[in-house]
1. Which of the peptides 171-179, 282-290, 100-108 is most tightly packed, and how do the rest follow, going by the mean number of other Cβ atoms within 10 Å of each residue?
2. Could you tell me which of rounded, prolate or oblate describes region 10-161, using a ≥ b ≥ c as the square roots of the eigenvalues of the alpha-carbon gyration tensor, with rounded for a/c under 1.5 and, failing that, prolate when a/b is larger than b/c and oblate otherwise?
3. Sorted by packing (mean other beta-carbon atoms within 10 Å per residue), highest first, where do 87-94, 117-124 land?
4. Taking other Cβ within 10 Å of each residue's Cβ, how do F234, F227 sort, fewest first?
5. With the cut-off at 14 Å, report for region 255-297 the share of all Cα pairs above it, as a whole percent.
6. Divide by every residue of the chain the summed helix terms, -39500 (n - 2.57) for each DSSP H run of at least 4, and state the resulting mean residue ellipticity at 222 nm, rounded to the nearest 500 deg cm²/dmol.
7. Relative contact order for the chain: what percent, with Cα pairs under 8 Å and sequence separation of 6 or more?
8. Please tell me the relative contact order of region 328-477 in percent, rounded to the nearest whole number, where contacts are Cα pairs under 8 Å and at least six residues apart.
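The numbers here are math on the coordinates, done by the rules we state, and not lab data. This one's a predicted model, so the numbers in the text were calculated from it and none came from an experiment. Neighbour counts run over all protein chains shown; Cβ positions are idealised from the backbone, glycine included.
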Amino acid sequence: MLNAALPPRIILCTLNAKYIHASLGLRYLLANMARHGGEDLRAQTVLREFTIARAPQDVVDTLLAELGECEHTQVIGLGVYIWNLVQTTEVVRLFKQVRPGIKIVLGGPEVSYEWETLKIVELADHLITGWGDVSFPKLCRALIHGPQPLMKVIAGEQPPLDDIAMPYAEYSDADLAHRLLYVEASRGCPFKCEFCLSSLDKTAWAFDLDRFLAELDTLYQRGARNFKFVDRTFNLKIDASIRVLQFFLDRLMDDLFLHFEVVPDHLPDRLKAMIARFPPGVLQLEIGIQSFNPAVQHTISRRQDNAKTEVNLTWLMRESHAHLHADLIFGLPGETLASFAEGFDRLYAIGPHEIQLGILKRLRGTPIARHSAEFGMVYQQDAPYLVQQTGAVDAGTMQRFTRLARYWDLIANSGRFKQSLVRLMQGPSPFQAFLDFSDWLWQKTGKTSGLTPEMLLDALFDYLTDVRKEDIEPTRQILLADYLASGARSNPNCLRGLLGERGKPERKAAPALVLRQVRHGENMRDQS
């Protein structure tokens, strides 16, 4: 342990999107400071996490206070991601103004590719691209004890996974109690979807499963109940998937929550049988569909059997209690609004609990850039590098979709408007029905944020009765049922006189991470 009287020599730091996220990457680095030869630096290293809501000056002041005035070399390692690039750049700039002697080392996906023009790299002392588990401790030893490294940019060394110390002991008791715990049974991905950084991997590498499950058991014994697997393809190797699922079946508790990312066209019967054994509220599956358009799939090198995908999704909805998040991406090369609508309608008919509507990003280093000229792809110059228009989708349509995606998350994915949504989506094309509503809501409000559930409920009432000419009283009763089921406590205009006197809401027993699932209601524990 670090001597409390001495300032740390090394601080590992990042700015997370939210407090609930705990950096897995930095915990890997912390665990490996004691390995790979040379002096054990673990006792001289601390981990400090902030959120992007924290002012950069405050971050710098906090870290400087901990570093103190030290005549020895000190190092700050910063994890840089698409969501924190702007804020972290300012943190580095402020450090170099007041304490230029502190060595700043960068790492992370946002600075591992196409880094040559990034201001943050210019400001920092060193950059490690790619894997840092071995390379960061080696660099720290060189900075502290010499000989001084000659290169500013260092290609990260990729060791065998058995040589990497596991990070899970670095999760604190507070992490276990209040945050999502990120874990991985494997790294890499064998698929080549060109919008994804994992397309640069040659394959997937699996950690020794006995060793990994032993680490999970230790976490579980310490009280961990929320596990988010970051494996790009959890169901790549079915034998391993089944062993992991059996591990958790043997440890079922009412508050257990598991998140896996799976490919939808690879669910053999024995994996289905294992999934079907889980009770409601435990499994959350993120399923990347991205596009049902075969021409688009071919362009972006995505292999997906659409027929098997539909069959498997239908099975999951009908025969399992898993909560399904299905992903679609708008703005892919060659995808039109009409073809996207066809794919959306196809997915909506299956009925996943949430459909996540994303907009294509041109992540640094991804091969999707090779299509820019041919398909007229225009992206934002700065993070998050969203596509602004394509040869098939003009800028105005892209803006319309951006608003639609926001409204969809507030109304459909929130689970607050289940019956109202069914009414709203009626028509030949559910996508077109929601797009019409989205256009109307934008004209009415002029905003996509600050919309309370009550404002949205009143908007739905006005649209359904004034624009769609639905009968007023049946519509009001549907909205009333949704509002009461959502647990909201205010008084929307359209429900005046219907709510009566209500006491304070009962405290929800479900953990915060699954409350959104509770509102969807199809597969919660109180339903059999």
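1. Going by the mean number of other Cβ atoms within 10 Å, highest first, we get 282-290, 100-108, 171-179.
2. rounded
3. 87-94, 117-124
4. Listing F234, F227 from fewest to most nearby Cβ atoms yields F227, F234.
5. Every Cα pair in region 255-297 considered, those over 14 Å come to 60 percent.
6. Helices in the chain give a 222 nm mean residue ellipticity of -11000 deg cm²/dmol.
7. It rounds to 10 percent for the chain.
8. Reported relative contact order: 20 percent.
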